[in-house]
Structures are given as structure tokens and as C-alpha cells.
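Computed from the coordinates by the stated procedures, all read-outs in this text should not be read as laboratory data. All values derive from a computational prediction rather than experimental measurement. Virtual Cβ from ideal backbone geometry, glycine too; neighbours counted across all protein chains shown.
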């Protein structure tokens, strides 16, 4: 499984304007073959920070996601409301039982 953790530092105003684009991105990404999870969240203690958590069955599914039209649309929406920073970290992971 591939796990992606992304952090977008922006403004509360940008997040408000991007909410519809975020809804579409989540919905369409979750419907893609190979997507196990695709979720945006706003940090409670810093409402200018968006986090994206993604889980994909494999690297090929993630690579295919990058070419989807909704990904292009979301990048365009982000470009119209630029973030201060964006970082993404990619992991190859195996799910395990919760340690007891």
C-alpha cells in the first residue's frame, strides 16, 4: 500500500474558497480504481493548514491518479489560490493490527 501525507499551508480564506474543489477531489479520487482512502482535513489548532491523507493499493494506482482530469482541475484551483507551502511525503506501508 502507498500512503501519502500532504500538508498545505495556506489561509482560512483560501480554504473556504476551495471547499467545493476539495469536495469534488475527494469524491472523484475515492471512486478511482486502487484508491483506499482520500481525505482532506483542517488542523483544529491551526485552521490555515490543510492535510491530505491518501491510501492507494500500489504505486501504479497513485501514478494513474496524477493523470486524472479532476487532479488537473484541483491543481488549477490551487494555482488560482496559491498556498504558502505544500509538502507531500510518500510511504510504502503494510497495515498491521493495533499494538496492544
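Overview of results
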quantity: Which of 55, 19 has the fewest Cβ neighbours within 10 Å, and the rest in rising order; calculated: 19, 55
quantity: Fewest-first ranking of 26, 97, using other Cβ atoms within 10 Å as the exposure measure; calculated: 97, 26
quantity: Calculated FRET efficiency for the pair residue 46/residue 66, C-beta based, R₀ 30 Å, to 0.05; calculated: 0.65
quantity: Order of 24, 3 - criterion: other Cβ atoms within 10 Å of each residue's Cβ, fewest first; calculated: 24, 3
quantity: Within the chain, helix-based [θ] at 222 nm, where runs of 4 or more DSSP H residues each add -39,500 (n - 2.57), nearest 500; calculated: -12500 deg cm²/dmol
quantity: Selected from 84, 30, 51 as most flexible by GNM, with the chain as the system and alpha-carbon contacts under 10 Å; calculated: 84
quantity: Cα centroid separation, the stretch 32-58 to the stretch 61-100 (Å); calculated: 7 Å
quantity: Potential lengthening between residue 9 and residue 98 on full extension [0.36 nm per residue; Cα-Cα distance subtracted]; calculated: 29.0 nm
quantity: (i) -0.28, -0.34, -1.36; (ii) -0.50, -0.55, -1.15; (iii) -0.77, -0.78, -1.16, with the label sought being that of the calculated log10 I(q)/I(0) by the Debye sum over Cα atoms at q = 0.10, 0.11, 0.24 Å⁻¹; calculated: (i)
